[in-house]
Amino acid sequence: MLDFCRKVVTAAFAVTLALALNVNAHAQSSGTIEGVVQDPSGAVIPGVTVRIQNPVSHLDRSTTTDGVGRFRLTNVPFNPYHLTVAAPGFQPHAEDVEVRSVVTTPLTLNLELAGAVTSVTVTEQAADLIENDPIAHVDIDRNLFSKMPLESASSSISSLVTFAAPGVAADSNGFFHGLGEHQENQFSVDGQPITDQQSKAFSNQIPTSAVQSLEAVNGIPPAEYGDKTSLVINVTTRSGLGLKPTGSITTSYGTFGSTSASFDLALGSQKLGNFITVSGLNTGRFLDPPEFSVIHAKGNSENVFDRIDFQAGANDNVHLNLNYSRSWFQQPNQFDQAAAGQDQRALINTFNIAPGWTHTFNARTVLQLNTFVRQDRYHYFPSRNAFSDLPGTLAQNRHLTNFGTRADVSYVNGAHNVKVGVQVQGWSLREQFNFAITDPGFNAPCLLADGTPDNGSTISGQALCANPNAAFLPGLLPFDLTRSGTYLNFDQSRTIKETSMFAQDAITVRTWSFSLGVRGDLYRGLTSASTAEPRIGLAYNVKRSGTVLRAGYARTIVTPYNENLLLSSSTGVGGLGGGGASSPKPGYRNLFNAGFEQAFGRFLVVTADYYWKYTKPDYDFGVLFSTPLTFPIQWRKSKIDGLGIRMSMPSIHGFSILNTMGTSRDRFFPPGVGGLVLNNAPPTNVFRIDHDQAFQQTTHVQYEFKNNGPWAGFNWRYDSGLVAGAIPFATDTSTPVDLTVLTADQQVQAGLFCGNSAATLDTPLVSCAPSQYGSTRINIPAPGKQNDDTNPSRIKPRNLFDLALGDDNIFHGDRNKWSVRLTIINMTNKVALYNFLSTFSGTHFVTPRAFTGELGFHF
């Protein structure tokens, strides 16, 4: 590992030097607007208010000119903006400004003399709402998402992405399926790429209190992005540069005994700025449990994020992001596990250090060098009594360290916006894992005469079985403690390496816009791959109708998941469940995209994009029992297509609406390799994976009374239901489901009933006529009609409603303000599933009705 680190540093230095001798650039998703305000004679005007707004993302920011008439707005996300200037004695000035590069956008604003004018009213037109951009994406600023009722306090970034980005289906524990893929997402935080898993079952996310704005790229990924590109989430964090001391202290209490507290502070000068946020959460429902009732689901998290900015000189900027997060949580139990005293739990520690340097050579050319190191330490603890863990006991100590360097150059000249860069990074993996079977009926070699497992502890094989169990897995026998087995002990380390280079150009010619790029990846992990990846997109702006048409193509490489990769790939371990032991190979994807953006006056903008993805091979996770421990699986290929739609109504008299919709068809093709598939046999024919959902939508309605007055935010979430692919179907037509396979608890979870009789823990269903059989939570095909590809089982549709009410200045203070907020999640207390017995996710229920009250002080 040390040798590779030296190579990374050496390569990065060489690349940086080479770039500095030629053209030089930068790569993050925010830029700077600066300029001077003058009167008709050319004299500067101090103390003038300069304001920028984006009606779609809801960004609204202002500053004042200094003593020499200059202004500077930093950390501005890439977007078009409406800029206005208001000064007494001058006519109001307004113009459109577009920020598309880290190269500073310079402005000279000349005001005309007039009568006394003290304010400017901004009126949005169609041109202010649409973007002539070949890359489909959505933008959302803090001014909007701070009033959204987010479902998960412990994974709020995931909830925000699910609500705001089109084509994203919600799943349990902070997972979301972006454009038909399971966790094929990349976060880019101030230019730092994070392609490892970000759900709360794997890692710790930065808090939403650290986020200034968010951009979700749901179209053709530009060449600067690699690895996980199904959905790219660019996060711009908050900065204290140029701010007087401002901050807030908040505390909350809610259902499940949930308490939270947070503190943030931003302050700085034009040279030095610092933003820090510290937050903590303690709750009785940290993970989504397999029961609607909350059993053994306590957890807590603590998060510290600090961003430091230093203007070292006229042409040099240095910034440093520091983050430490910790979470501890119990593994939620089923009723039978709670009765056995199961007490599994996990501890995750995450730290991130990301320094960066930006050098401006001239008005057109900027160089940035970023380095980063990020580590997740994941500890999973079994119960003190191994036989309290059902059906098996497991322990894990896993370290995943991502480190690397990125250097890139931005060059702007006329119609061209060029970016060239290189990225060298590695992942140091360390996996320690212990596992053993504790339930004699889980992998019994023999069956009794009635077809139930023979739990006799002396039976150690099938040679003496009068009635052999066809589902018996001989690979598990050495680790069956009920049959004189021992623990599986796994301990391996490995470093994954990847070098990437890219070049791209965004070209604007009149009403045409082009995105041209190529990327090259050299991946060296358990397997190797290298390929050239062209990316192309085009857009045409029909100005008369307020329409943008776009289309694109991308060739991308898809690298294996790093979480539990060594264990999943290990010979003799990955094949325990019959799934085969083999190292997953990088996949290759052809992605096509076509869509449009349409503005209807200043009242509404609609974007819609259809995508087609062909990947060979493709990946997913397999869950082990009901735990959050999952292992990557590779399938031969996949075919995915779907639609993402977003409708946004800018704020009109304090009233705004945001709606996202999507659909996804996900067909995966066996065979699969890797993983620890012990729960169910892997599919043998083409199947719809549990990312597949016919339709989902989220509507967010927001109203604010006057300016900084009371406000309300309302969410309507509809999901038609993910595929539930692990339903055990009967071999005859007496009932759709093999009831002998499902435990009483699983029948209750599924909401099974026979006529007027519902399954209970004490009286499970034994048999039922097809005409009387049903489920309140799963749509199960009729006997003989089930097909894993064309007619799979699905979770029943659900409608969930959330509400947030608040006032950000209850005492009408000028400088110091008090705020109150009430949030209600799942207002109707809908009982519904995310998934059921999924090989890839397990069983989880949505959050029951939950209230949270919050009090805040802002200064």
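The values are calculated or read from the model by the stated rules, or taken from the named source; none is laboratory data. Computed from a prediction, not measured in an experiment: that's the story for all the values here. So basically every Cβ, Gly included, is an ideal-geometry build from the backbone, and we count neighbours across all protein chains shown. Note: areas computed on protein heavy atoms with side chains; ligands, DNA, RNA excluded. Shrake-Rupley method; radii C 1.70, N 1.55, O 1.52, S 1.80 Å.
Counting Lys and Arg as +1 and Asp and Glu as -1 over every other residue whose Cβ lies under 10 Å from the Cβ of Phe256, the net charge comes to +2. For Leu629, neighbours were defined as the other residues whose beta-carbon sits under 10 Å from its Cβ, and their charges (Lys and Arg +1, Asp and Glu -1) total 0.
Put simply, the C-alpha atoms of segment 264-420 give a gyration tensor, and the ellipsoid matching it has half-axes of 47, 17, 13 Å, longest first. Between the listed residues Gln344, Ser279, Phe78, the Cα displaced farthest toward the positive end of the dipole of the chain, a dipole computed from Cβ unit charges relative to the Cα centre, is found at Phe78. Tally Lys and Arg at +1 and Asp and Glu at -1 over the other residues with C-beta under 10 Å from the C-beta of Asn590: what net charge comes out? Taking every other residue near Asn590 into account, the sum is +4.
Only protein heavy atoms count here; under a 1.4 Å probe, Val766 has an accessible surface of about 120 Å². Each residue was assigned an accessible area with a 1.4 Å probe, and for Arg238 the value is about 50 Å². Dipole of the chain (Lys/Arg Cβ +1, Asp/Glu Cβ -1, origin at the Cα centre): which of Ala769, Ser213, Leu624 lies farthest to the positive side? It is Ser213. Between helix 2-20 and the chain there is an angle of about 30 degrees, using the helix long axis and the longest principal axis of the Cα atoms.
For the chain, adding -39500 (n - 2.57) for each run of n ≥ 4 DSSP H residues and dividing by the number of residues yields -1500 deg cm²/dmol at 222 nm. If you take the square roots of the eigenvalues of the alpha-carbon gyration tensor of segment 732-790 and sort them as a ≥ b ≥ c, do you get rounded (a/c under 1.5), prolate (a/b over b/c) or oblate? The shape class here is prolate. The charge dipole of segment 491-542, taken about its Cα centre with unit charges on the Cβ atoms of Lys, Arg (+1), Asp and Glu (-1) only, comes to about 80 debye. For segment 82-235, the pair-distance distribution built from all alpha carbon pairs, in bins 5 Å wide starting at 0, is 2, 8, 15, 17, 16, 12, 9, 8, 6, 4, 2, 1, 0 percent.
Think of each Lys and Arg Cβ as +1 and each Asp and Glu Cβ as -1; about the Cα centre, that makes the dipole of the chain roughly 880 debye. Here Trp512 sits with roughly 100 square angstrom of accessible surface, probe radius 1.4 Å.
Taking square-rooted eigenvalues a ≥ b ≥ c of the alpha carbon gyration tensor, is segment 762-859 rounded, prolate or oblate, where a/c under 1.5 means rounded and, failing that, a/b exceeding b/c means prolate? Taking the square roots of the gyration eigenvalues as a ≥ b ≥ c, segment 762-859 is prolate.
Applying a threshold of 20 Å to the alpha-carbon distances of Lys497/Lys613; Lys228/Lys613; Lys585/Lys637; Lys200/Lys228; Lys200/Lys298 flags Lys497/Lys613 as lying beyond it.
Counting only DSSP beta bridges whose two residues both lie in the chain, roughly 95 percent are antiparallel. Highest average first, the peptides 206-212, 246-252, 560-566 ordered by how many other beta carbon atoms sit within 10 Å of their residues are 560-566, 206-212, 246-252. All Cα-Cα distances of the chain, cut into 20 Å bins from zero to the largest, leave 14, 48, 30, 7, 1, 0 percent in each bin in turn. For Gln212, the residues 5 or more places off, or on other chains, whose built amide H falls under 5 Å of its own are Thr236, Thr237, Arg238.
If you model segment 148-228 as an ellipsoid using its alpha carbon gyration tensor, with each semi-axis the square root of five times an eigenvalue, the axes come out at 18, 15, 13 Å, biggest first.
In summary, the aspartates and glutamates within cross-link reach of Lys830, defined as a Cα separation below 15 angstrom excluding same-chain residues under 8 places away, comprise Glu151, Asp288, Glu291, Asp719, Asp802. Ranking Ile640, Gly721, Ala297 by how far each Cα lies toward the positive end of the dipole of the chain (charges on Cβ) leaves Ile640 at the top.
Within a straight-line Cα-Cα reach of under 13 Å, Lys419 can be paired with the following aspartates and glutamates, leaving aside sequence neighbours fewer than 8 residues apart in one chain: Glu224, Asp408, Asp505. With semi-axes defined as the square roots of five times the eigenvalues of the C-alpha gyration tensor, the equivalent ellipsoid of segment 481-611 measures 47, 20, 11 Å, largest first. Oblate is the label for segment 189-344, because a/c, from the alpha-carbon gyration tensor with a ≥ b ≥ c as root eigenvalues, is 1.5 or above and a/b does not exceed b/c.
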